[in-house]
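Colleague: Got a structure here, written out as structure tokens. Questions coming.
What follows draws every value from the coordinates through simple rules; no lab data is involved. From a predicted model like this one, the values you see are computed outputs, not experimental measurements. With ideal geometry, Cβ positions are generated from the backbone for all residues, glycine too; neighbour counts draw on all protein chains shown.
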Amino acid sequence: MEHQQGQQPKSCTACGGSLVRKGPYLCQCEACGKKYYISASRTHKVTVRLSMGTLILRISLGVMALIAAAVLGYQLYTGHLVLSARRFSVAFRDFLMEAYEKPVAEIRPEDLAQMKYLKIEREDGYRFTYSFQDDYDMPGTAPRKSITIEASKDDFSPTNVQYFTGLTQLELYTDAWENYRLPEENEIRSIICTDGLSRYGVPKFFSEANPDTLEEVTILEAENLEDFSFLEDLKNIRKFSLEKAAIQDAGIFAGLEKLEELELRYVVLEEEKAKDIVREILALPSLRYFFMEGKSAWYISDEDWRLLEEEFGDRVRMVRK
């Protein structure tokens, strides 16, 4: 018996006669009777079938795993977006969607860090003025846009300011600055804000300012400001402007070791102490410019002002209105 691999031979190799199938793996010549065994390679064929089945199974499992991962990833992503959007109050959400021209859930921390200037005012709702360019050294050179959002006080949260980590200039005219939150890490150089309302507690706002970058601070409408302990957080500022606060002692400025410019607008001084308080202020070694405006400025007589100019005028430029 002759063994053949693979397919059935076409004719007898001995006599050329026709072959007749006698079984699944046996052929015989009709003429001479020679038998041929044809190997089916069953093991090989079965192995191939099992490999294909395993491959298909693995592909199916892989596809299912990818789909599951995609669904889970999408759920986590959308969940993150929802949580991200929840950080903002209604007024801030509406402002951000207009400023960035996309859903608030898609606004990333990197986007928020691009905003360099932000001013918030209470005016028929909340008016946001902003810029993505830093013009601190050349004010007015960067393009600014304004967006007014119709929202009630309950729809506005001053703590939302903490998410704008790239700010260099911040102006707040809507609420007591004590209620705001600055970013934990920031590079703010200038802050203008209104009344700290320290009667509600020790102000914490300025403790979050970056002492290495903050240079200018202006506090407006500060009639209720009684606690000046926040000045301990402003030791490196170069310029300070204060409006309508009551000053009992010039010592509150003593820790401002780098202060070059001081403006006092409509501050309240005791008449008999006014000259001594101003003299103590002018004695600050770093001071180069002093401006005083309002009734208290005129508690100092022309003669006393002239004497102060003689004493400090070679170092400090003095102006009163």
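Colleague: Please report, in Å, the Rg and the Dmax of the stretch 91-320, where both are computed over Cα atoms only.
Modeller: My reading of the Cα-based Rg and Dmax gives 19.3, 64 Å.
Colleague: What ranking of Trp305, Trp177 emerges when the number of other C-beta atoms within 10 Å of each C-beta is taken as an exposure proxy, fewest first? If you can, show how the numbers build up before the last one.
Modeller: Numbers: Trp305 17, Trp177 26.
Taking fewest neighbouring Cβ atoms as first place, the list is Trp305, Trp177.
Colleague: Still on this structure, I have one more. Rule-of-thumb check for the stretch 159-292: C-alpha Rg over 2.2 N^0.38 Å? Kindly include the intermediate steps, with their values, before the conclusion.
Modeller: Working: Rg = 14.4 Å, N = 134, 2.2 N^0.38 = 14.1 Å.
Cα-based Rg divided by the globular estimate yields 1.02.
Colleague: For the stretch 210-223, what does the Karplus curve 6.51 cos²θ - 1.76 cosθ + 1.60, with θ = phi - 60°, yield as ³J(HN,Hα) per residue in whole Hz, taken in order and with x for Gly and Pro?
Modeller: Values, residue by residue: 7, x, 7, 10, 5, 10, 10, 9, 10, 10, 9, 6, 9, 4 Hz.
Colleague: Ranking Asp154, Asp111 by Cβ neighbours within 10 Å, fewest first, what do you get? Walk me through the intermediate numbers first.
Modeller: Values: Asp154 9, Asp111 15.
Ordered by Cβ neighbours within 10 Å, fewest first: Asp154, Asp111.
Colleague: Using +1 on the beta carbon of Lys and Arg, -1 on that of Asp and Glu, and nothing else charged, what's the dipole of the stretch 91-320 about the Cα centre, debye to 20? Walk me through the numbers before you get to the answer.
Modeller: Details: 29 positive and 51 negative charges, 64 e Å.
The dipole of the stretch 91-320 has a size of about 300 debye.
Colleague: For the stretch 225-232, just list the computed ³J(HN,Hα) in residue order, Karplus coefficients 6.51, -1.76 and 1.60, θ = phi - 60°, integers in Hz, with x standing in for Gly and Pro.
Modeller: 3J(HN,Hα) across the stretch 225-232, in whole Hz: 6, 10, 9, 9, 5, 5, 5, 5.
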